[in-house]
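Right, one structure below, let's go through it.
Derivation of every value follows stated rules applied to the coordinates shown; laboratory data play no part. These figures come from a predicted structure and were not determined experimentally. Positions of Cβ are generated from backbone atoms using ideal geometry, with glycine treated the same way; all protein chains shown enter the neighbour counts.
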Amino acid sequence: MARVVIDKLVKIYPEKTGPGFTAVKGINLEIEDREFMVLVGPSGCGKSTTLRMIAGLEDITNGEISIDGKVVNNVLPKDRDIAMVFQNYALYPHMTVYDNMAFGLKLRKFPKEDIDKRVRDAASMLGLEELLERRPKALSGGQRQRVAVGRAIVRRPKVFLFDEPLSNLDAKMRVSTRTDISKLHARLGATMIYVTHDQVEAMTMGDRICVMKDGDIMQVDEPLDLYNHPKNMFVAGFIGSPPMNFFKGTLARDGNHVVFAETNTKEAPFKVQLTDNLAAKASAYVGKEIVFGIRPEDAQDSLNLSAPTPEHTIEVNVEVSEPMGAETYLYLNSGEHSFIARVRASDRFDVGQKVQITFQMDQVHLFDPTTEDVLK
Ligand SMILES: Nc1ncnc2c1ncn2[C@@H]1O[C@H](COP(=O)(O)OP(=O)(O)O)[C@@H](O)[C@H]1O
Ligand SMILES: [Mg+2]
């Protein structure tokens with residue numbers, strides 16, 4: 001069992017002058033036994049600081065961290081039963097792969113046979129059997145990172161911590177090592193906390209994802225809940241690639257309906273009709289400013305629709321067309337705002353051409369422009 005509970009956790013880095021820099025602002029997070037929790041957010045948002053406090057490598061300014069109900073604030077890193085894997089593998093260059101993996105166990109005076117079994121088990125899980133006698137410099141980046149993971153596995157810790165372990169690998173290696181770590185999680189059934197700035201890694205690996213910004217938690221949810229129900233504009237814009245399109249505008253009543261009109265000074269602003277469901281959520285915003293969000297895949301071009309609904313369709317210019325193979329990203333312009341639609345690769349448009357784009361209105365997200373929170 002290894003349940004990690006973070007309670008009102010604060011980290012203030014002291015400064016020579018002034019009150020210090022608050023890198024983590026009183027966050028609460030519960031990581032369940034055997035869960036794969038991903039901390040994701042832009043560089044500098046406090047992910048590593050949080051992870052290092054869990055590991056015991058960084059003092060806690062305020063709040064508590066407990067593992068299986070026991071507060072560990074004052075427990076030494078080596079006594080926390082945690083193993084951490086970093087971006088830079090930090091292997092001992094003069095030792096073989098075998099000895100790199102065995103080293104921590106030797107220090108802890110494990111019996112030789114036990115060490116041998118653990119190292120060989122880990123090597124077989126990670127496909128490193130053939131490389132045990134090599135030194136790190138004779139390994140690829142991906143292999144080195146697997147050795148670093150192996151070194152963590154042999155300890156059989158309660159909790160694995162990963163800090164951007166794939167960042168030094170090339171794109172292909174990142175994808176294969178990513179799936180290896182996911183398989184390992186399934187096989188070991190261990191609690192894992194994984195830090196990354198890459199939303200694709202977060203989406204593909206996490207049982208749950210904790211999105212951070214400026215030392216705060218923005219949302220904690222399962223990947224698809226995060227994608228489909230972002231609580232605010234930050235999460236909506238951070239998760240998903242290309243990101244969600246945002247339009248500023250106002251809501252107005254039109255007969256029985258509510259329409260969104262883009263704020264647009266240069267040309268005639270576009271107008272689209274909201275679904276009844278959205279209109280109900282947004283009733284307090286009629287006559288006021290609002291932010292309209294739609295993901296690129298929820299903006300369809302007219303070639304792909306047999307009967308576009310005019311009240312949900314706008315006419316825009318094609319600025320750039322990026323064929324991705326399986327689909328095409330259309331960079332579009334509606335006067336003031338640029339936005340992106342993901343369309344079928346077979347739907348071809350020329351730059352400068354006018355195109356009809358229909359929004360899937362049941363996929364629209366509306367946000368308060370001041371709080372940036374989604375309308376509930
Ligand atoms: N030792 C330190 N002293 C002062 N500030 C630090 C220190 N370590 C990190 N910071 C600052 O704390 C913030 C969070 O850093 P970090 O946790 O490393 O972010 P992340 O891992 O999300 O990129 C950053 O603004 C960073 O500059
Ligand atoms: Mg970091």
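Which lysines, if any, have their Cα less than 20 Å from the Cα of residue 183, not counting same-chain residues under 8 positions apart?
Leaving aside lysines fewer than 8 places away in the same chain, those within reach of residue 183 are 158, 172.
If the cut-off is 16 Å between C-alpha atoms, which aspartates and glutamates fall inside it for residue 25, apart from same-chain ones fewer than 8 positions away?
Result set, ordered by chain and number: 7, 58, 59, 64, 214, 216.
Quick one: helix 97-107 against the long Cα principal axis of the chain, what's the angle to the nearest 10°, folded into 0 to 90?
Relative to the chain, helix 97-107 is tipped by roughly 70 degrees.
Only helical DSSP H runs with n ≥ 4 go in: add -39500 (n - 2.57) per run for the chain, normalise by residue count and round the 222 nm mean residue ellipticity to 500 deg cm²/dmol.
The per-residue figure over the chain is -7000 deg cm²/dmol.
Got a sec to turn the phi values of segment 335-347 into Karplus ³J(HN,Hα) couplings, 6.51 cos²θ - 1.76 cosθ + 1.60 with θ = phi - 60°, whole Hz, x for Gly and Pro?
Those phi angles translate into x, 8, 9, 9, 8, 10, 10, 9, 10, 5, 4, 7, 8 Hz.
Normalised radius of gyration for segment 245-367, please: alpha carbon Rg relative to 2.2 N^0.38 Å, two decimal places.
Expressed relative to 2.2 N^0.38 Å, the Cα Rg reads 1.04.
What list do you get for 226, 91 if you sort them by fewest beta carbons within 10 Å?
Fewest-to-most ranking of 226, 91: 91, 226.
Neighbour counts of other C-beta atoms within 10 Å: give me 334, 66 arranged from fewest to most.
66, 334
Nothing charged except the Cβ atoms of Lys and Arg (+1) and of Asp and Glu (-1): what's the magnitude of the dipole of segment 245-367 about its Cα centre? Round to the nearest 20 debye.
260 debye
Place a +1 charge on the Cβ of each Lys and Arg in the chain and a -1 charge on the Cβ of each Asp and Glu, then give the dipole magnitude about the Cα centre in debye, rounded to the nearest 20.
It works out to roughly 1740 debye.
Based only on other Cβ atoms within 10 Å, what is the fewest-to-most ordering of 355, 286?
Lowest count first: 286, 355.
Placing +1 at every Lys and Arg Cβ and -1 at every Asp and Glu Cβ, with all other atoms neutral, what dipole size does segment 132-175 have around its Cα centre, in debye to the nearest 20?
220 debye
Using only the alpha-carbon atoms, how far is helix 112-126 inclined from the longest principal axis of the chain? Give it as 0 to 90 degrees, nearest 10.
Approximately 20 degrees, to the nearest ten.
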